[in-house]
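Colleague: One structure follows; several queries about it will come next.
The numbers here are math on the coordinates, done by the rules we state, and not lab data. Small disclaimer: the values here were computed from a predicted structure and weren't measured. Cβ coordinates were reconstructed from backbone atoms using ideal geometry, including for glycine residues, and neighbour counts include every protein chain displayed.
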Amino acid sequence: MAALEHVEEVPSSTKRWFQAVDPDERIHVAAVHTMLEAAITLTQDELLGVKASKLCTLGDVGLLDFVMSSADTLRTALEAAGRYTRLLNDTLDFALEVQGERAVVRLESRVVLPAVAEDYQTCAMISNQSACWPDGVLADMDVWFRHKPPASVEPYLDALGPVRLHFQAPLSGFGFPSALLEQPLRSSNSKLHDVLRRYADLSLASLPKPESITERVRALVSDQLSSGDFSLEETARALHMSPRTLGRRLSDEGTTFKGVVDEMRKTVALHYVAARDVDLSEIALLAGFTETPSFYRAFRRWTGTTPTKYRWTHRGDPRALRG
C-alpha cells in the first residue's frame, strides 16, 4: 500500500479504498472498477487481471469455492455456482447450457466490464476450480472474452493451460465436452457438500434483496428529470452498462426506458398540478418537458383532461363542472 502514496495518478479516494477494504464487505461494482483502473495505473500492466487470477487459490472466493469443489459431478458443481453466485457478485449471471456435444458456461455481467475485470472473472473461475475437475476438461476447452485481443496471449495460456482462446467474442465464458458433465470431481465429498449447501442457502437468504433495475432507473431519472438530462445512453452510463443491456434488463422486468420516464413525468405532473400553486409552465419543466404544448398533450393522454381542469377538480372548484 505504501507504493500507492507515491503515484500521483491514483486518486486519494482510491488509495483509501485499497487501504481500508473489509474482506467481508460488499462493495459497489463501480468502486471495484475504480480500484482495478487504479491498479493498472500503478502497475502499467493491462494484463493485470489474468496475472492476478493465477495467484488465486481454492478458498479465496470463500464459501462458493468449497460448495463447488465438494460437489459429486462437474454438472452439480457448475449448477451450484449458478445458484450461489450472488454470494460473491450481485451483477453476474452464471449459466450452464448444453449445446449438443458441448457444454457452455456463460458469465454474463449486468454491467459493462473493463477488460481487466473480465479477464480476472473468467480466468479465476477456471484456474481456481480446474484442479478439482475431471481429466480432459482443459484439454478440450474454449474460453471466450468480449474484449479485443491483447498484445500477448502468453499470460492467458500460463494461467489457464492449453485452451483455445477467443477474443471479441459474443459472450464471456468457457466451453468443453458435455460428456464430462457427469464425471465425478476429484475433490468430491457428498456429506460436506450437503452441509455447505445448507449454509450457503442460509447465507443467500440473509443477503439484502437486490434493487431492481427499474427502481434504479426511476431513481436516476427522478434526479435528472427537471434538467432533461435523462437519455437512455446517459442512464446506461451511470449504471455502468451498455444501452442495449439496460434495454434488455428493463424488458426482462416488463418495462422500457421510455415507459419509466413517462411514469416519472406523470407522477411529478399530477403531484404539482393537484397539490401546489405552481405555474403550469414551471410544472412542465419540472416534469422534463422543454415545451409547454408537449406537456399539455401528455397530460391529456394521462388523464383525459387538461391540467387546469384537473387542478380545479382536485380543489373542488365549481369551474370544473362547467362544459
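Colleague: Just want to confirm a number: the relative contact order over the chain, from Cα pairs under 8 angstrom separated by 6+ residues, in percent. Present the calculation step by step, with values, prior to reporting the outcome.
Modeller: Working: 419 pairs, mean separation 48.6, N = 323.
RCO, the chain: 15 percent.
Colleague: I'd like to know which of Ser227, Gly49, Ser188 lies farthest towards the positive end of the charge dipole of the chain, counting +1 on Cβ of Lys and Arg and -1 on Cβ of Asp and Glu.
Modeller: The residue sitting most towards the positive pole is Ser227.
Colleague: For the pair Ser251 and His147, how long in nm is the line joining their label points, each one 7 Å along Cα→Cβ?
Modeller: 2.8
Colleague: Please tell me the relative contact order of the stretch 213-315 in percent, rounded to the nearest whole number, where contacts are Cα pairs under 8 Å and at least six residues apart.
Modeller: Numbers: 89 pairs, mean separation 27.1, N = 103.
Relative contact order of the stretch 213-315: 26 percent.
Colleague: Tell me the label-point distance for the pair Glu46, Asp90, using the 7 Å Cα-to-Cβ offset, in nm and rounded to one decimal.
Modeller: Spacing of the two 7 Å Cα→Cβ label points: 3.2 nm.
Colleague: Turning to a different aspect of this structure: Report the gain in length on full extension from Glu233 to Glu263: 0.36 nm times residue separation, minus Cα-Cα distance, nm rounded to one decimal. The partial results should precede the final answer.
Modeller: Values: separation 30, 0.36 × 30 = 10.80 nm, distance 1.86 nm.
Taking 0.36 nm per residue and subtracting the Cα distance, the gain is 8.9 nm.
Colleague: For the stretch 120-246, what is the charge dipole size about the Cα centre, in debye to the nearest 20, if Lys and Arg each add +1 at the Cβ and Asp and Glu each add -1 at the Cβ? Show your work: numbers first, answer last.
Modeller: Numbers: 12 positive and 14 negative charges, 41 e Å.
Rounded to the nearest 20 debye, it is 200 debye.
Colleague: Modelling each spin label as a point 7 Å along the Cα-to-Cβ direction, I'd like the Arg164/Arg216 distance in nm, to one decimal.
Modeller: Taking the simple label geometry, Arg164 and Arg216 are separated by 3.4 nm.
Colleague: Still on this model: List residues of the stretch 65-83, by number, whose backbone nitrogen lies under 15 Å from a label position 7 Å along Cα→C-beta of Asp194.
Modeller: 71-72
Colleague: Can you give the helix-only mean residue ellipticity at 222 nm for the chain, where every DSSP H stretch with n ≥ 4 adds -39500 (n - 2.57) and the sum goes over all residues, rounded to the nearest 500 deg cm²/dmol? Present the calculation step by step, with values, prior to reporting the outcome.
Modeller: Working: 15 runs with 164 residues, N = 323.
Computed ellipticity for the chain at 222 nm equals -15500 deg cm²/dmol.
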